[in-house]
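K.L.:
Before I ask anything, here is the structure I am working with.
The values are calculated or read from the model by the stated rules, or taken from the named source; none is laboratory data. Because the structure is a prediction, the values reported are computed rather than measured. Quick reminder, even Gly has a Cβ in these numbers, built from the backbone with ideal geometry, and neighbours come from all protein chains shown. Just the protein is used for accessible areas: all its heavy atoms, side chains included, with ligands, DNA and RNA removed. Shrake-Rupley method; radii C 1.70, N 1.55, O 1.52, S 1.80 Å.
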Amino acid sequence: MLESARLYFVVEASASDRLLDAALAGGCDLLQLRDHDASDGDLLAAAERFRDACDAHGALFVVNDRPELALQAGADGVHVGQDDLPVDAVRRLVGDDLIIGLSTHAPEQFDAGLRLPADYLSVGPIWETPTKAGRPAAGLDYVRYAAEHAGGKPWFAIGGVDAGNIDAVIDAGASRAVVVRAIRDAADPRAVAAQLRSRLELRDVA
C-alpha cells in the first residue's frame, strides 16, 4: 500500500471530519496527525477520527513523533524527524508491522536514511514554509538528488508544495508529495487533492 501511495496530507488534530473526508476522497492515500500543541487526550481523540476516516477510504494513518501514541491509536505508522527518537529505537518500540517515516533535509541525511530501517523518507522543505518556521529551503536540487539516489525506497517531496508548483517538483523527479496548507486551507480541498493526485499519477505513465 505504501508503494502505491502518492499524496500525503499532514494536518492538525483540530481538522474537521469534513476536511479529512474531502482530502481522502480527493486522492490522499496517507494521512498524518501532526500537532505539537495538543494534549495526549486530544491527540488520541483526534486519532480515532483520523483512523475511521482512513479506514473508510482505504488510506494509511500515521502519527507524528510519538511511537507509543501511534501504537495506542492503532495507527499504521509513525513519522519522526532528525531530532526525534532515532529510527532504530523506534523500530524496536513498534516492531515490524508499523511503517516508519523519516524527515531528511540534506543529501547526507537522505543517504543515512537509506541505511536505516525506515520505510519511507521525506525530502525538503523544498520551499520555506510557515509549518517549518526557521528551516531553510532545501530546493529542487535536493529533489533531484533524491530521485537519483533513492534506489527504490519510497520518498516524498515536502515543503510548500501546491497546485501552482507541483509540476516543477515532478519535473525534478518526485512521484510522491506531502501537502499541508494546499489542502487544509483550500476552499475546495477535495478538488485540490484530486488535482494534485492527477498530476502525480501522470508522472507514472509519462
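K.L.:
For the chain, what % of the accessible area comes from carbon and sulfur atoms, probe 1.4 Å?
P.N.:
47
K.L.:
Where does the chain land at 222 nm, in deg cm²/dmol rounded to the nearest 500, when only DSSP H runs of n ≥ 4 count, each adding -39500 (n - 2.57), divided by all residues?
P.N.:
-12500 deg cm²/dmol
K.L.:
Do you know the relative contact order of the range 154-206, to the nearest whole percent, from alpha carbon pairs under 8 angstrom that are 6+ apart? Present the calculation step by step, with values, prior to reporting the outcome.
P.N.:
On the way: 48 pairs, mean separation 20.4, N = 53.
Over the range 154-206, the number comes to 38 percent.
K.L.:
Let me ask something else. How much FRET efficiency would the formula 1/(1 + (r/R0)^6) give for Asp188 and Asp83, where r is the Cβ-Cβ distance and R0 is 30 Å, rounded to 0.05?
P.N.:
0.25
K.L.:
When the dipole is taken about the Cα centre of the chain, and only Lys, Arg (+1) and Asp, Glu (-1) are charged at their Cβ, what size is it in debye, to the nearest 20?
P.N.:
Details: 20 positive and 33 negative charges, 78 e Å.
Here the chain has a charge dipole of around 380 debye.
K.L.:
Still on this structure, I have one more. Excluding ligands and nucleic acids, what accessible area in Å² is computed for Ser4 using a 1.4 Å probe, to the nearest 10?
P.N.:
Roll a 1.4 Å probe over it and Ser4 shows about 70 Å².
K.L.:
Just the number please: accessible area per residue for the chain, 1.4 Å probe, all protein chains included, in Å².
P.N.:
That works out to 45 Å² for each residue.
K.L.:
For the chain, what's the relative contact order in percent, using C-alpha pairs closer than 8 Å and at least 6 residues apart?
P.N.:
The value is 21 percent.
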